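What follows is a set of notes on a single structure, which appears directly below.
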Amino acid sequence: SMKGALFDLDGVLVDTARYHYRAWKRLAAALGFDFTPEQNEELKGISRRDSLERLLAIGGVSLSENEKLLWLERKNSWYLEYIDTMGPGEVLPGAAEFLGRLKGRGIKIALGSASKNAPRIIQRIGLLSVFDGIIDGTKTSRSKPDPEVFLLGSRAIGVAPRDCIVFEDAAAGVQAGRAAGMRVVGIGSPGILTEADMVVPGLSELVWDR
Ligand code: B16
Ligand code: MG
């Protein structure tokens with residue numbers, strides 16, 4: 001039976017994707033090319049560094065290592081500018097209630113996010129105290145779809161992978177959860193999250209007993 005729940009952050013608990021998009025678009029514009037919301041889909045769930053590489057490929061731009069580091073720093077400072085205006089009102093519908101219900105049933109809860117800014121974000125949206133363990137982009141060395149982030153999460157809450165369930169909105173994250181030997185609930189569209197055990201549009205549509 002399920003004893004642990006592991007949550008992705010961006011796209012599951014909060015919609016930070018639009019802030020990432022705004023910052024990447026600003027970077028693309030500065031380098032002289034356009035970046036569409038459709039292209040942004042590719043960047044979901046993957047690390048900051050990998051995102052830059054994909055963005056540069058889209059724009060057909062090549063940069064030196066030093067220039068890349070400079071733009072990564074700029075992108076993150078723009079992103080921080082945007083997320084520092086966030087508050088509890090930006091928690092996605094049903095997420096806080098769902099977390100509360102799990103806690104009430106004694107389920108251990110961990111965060112499994114690729115973001116290095118994850119602790120700052122969950123603090124801003126008022127969810128910091130919910131988590132029994134937090135694995136963010138500073139604690140992992142391999143990006144999703146590698147299972148590392150969720151295996152570290154299960155260890156942090158002391159629950160075996162087979163007793164954990166993952167909530168993910170990105171295809172790479174769903175694969176990571178499966179590779180960790182966990183059950184996975186996809187948040188989004190069944191057409192994209194084909195490897196999930198079950199897919200729902202959002203946490204407000206979920207009943208734990210199912
Ligand atoms: P940062 P998640 C991911 O968060 C985002 O989906 C992805 O777009 C972003 O590039 C990545 O975090 C790194 O974020 O630049 O803040 O370290 O979905 O894994 O919670
Ligand atoms: Mg996500």
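How many of the residues making up region 1-40 are acidic (D, E) and touching a residue at least 24 places away in the same chain (Cβ under 8 Å)?
Final tally of qualifying residues: 3.
Hey, could you check region 163-183 for residues that are within 12 Å of ligand 1 (Cβ to nearest atom) and β-branched (V, I, T) and say which is surrounded by the fewest Cβ atoms within 10 Å (Cβ to Cβ)?
Top of the filtered list is V174.
Out of all the residues in region 1-26, which are within 10 Å of ligand 2 (Cβ to nearest atom), in contact with a Gly (Cβ under 9 Å, 6 or more places away or on another chain) and of a type in the set (A, V, I, L, M, F, W, C)?
Scanning region 1-26 gives F7, L9, V12, A17.
Only one of (1) in a helix (DSSP H, G or I); (2) in contact with a Phe, Trp or Tyr (Cβ under 8 Å, 6 or more places away or on another chain); (3) within 23 Å of L152 (Cβ to Cβ) fails for N76. Which number is that?
Answer for N76: the failing condition is (2).
Looking at (1) hydroxyl-bearing (S, T, Y); (2) at pLDDT below 95; (3) touching a Leu at 6+ places or on another chain (Cβ under 9 Å), which is the only condition S62 fails?
Failed condition: (2).
Within region 181-191, is even one residue touching a Cys at 6+ places or on another chain (Cβ under 6 Å) and of a type in the set (A, V, I, L, M)?
Yes, region 181-191 contains a residue that is touching a Cys at 6+ places or on another chain (Cβ under 6 Å) and of a type in the set (A, V, I, L, M).
Assuming I135 fulfils every condition listed in (1) under 17 Å from G177 (Cα atoms); (2) in contact (Cβ under 8 Å) with a residue 40 or more places away in the chain apart from one, which condition is it?
(2)
If I ask for residues that are part of a loop (DSSP other than H, G, I, E, B), at pLDDT 95 or above and more than 11 Å from ligand 1 (Cβ to nearest atom), which ones from region 1-25 would you list?
K3
Just need a number here: residues in region 124-147 that are over 22 Å from A17 (Cβ atoms) and either of a type in the set (G, A, S) or crowded, with 18+ Cβ neighbours inside 10 Å (or both).
Residues in region 124-147 being over 22 Å from A17 (Cβ atoms) and either of a type in the set (G, A, S) or crowded, with 18+ Cβ neighbours inside 10 Å (or both): 4 in total.
The values are calculated or read from the model by the stated rules, or taken from the named source; none is laboratory data. Note that the coordinates shown come from a computational prediction; the quantities given were computed from them, not determined experimentally. Quick reminder, even Gly has a Cβ in these numbers, built from the backbone with ideal geometry, and neighbours come from all protein chains shown.
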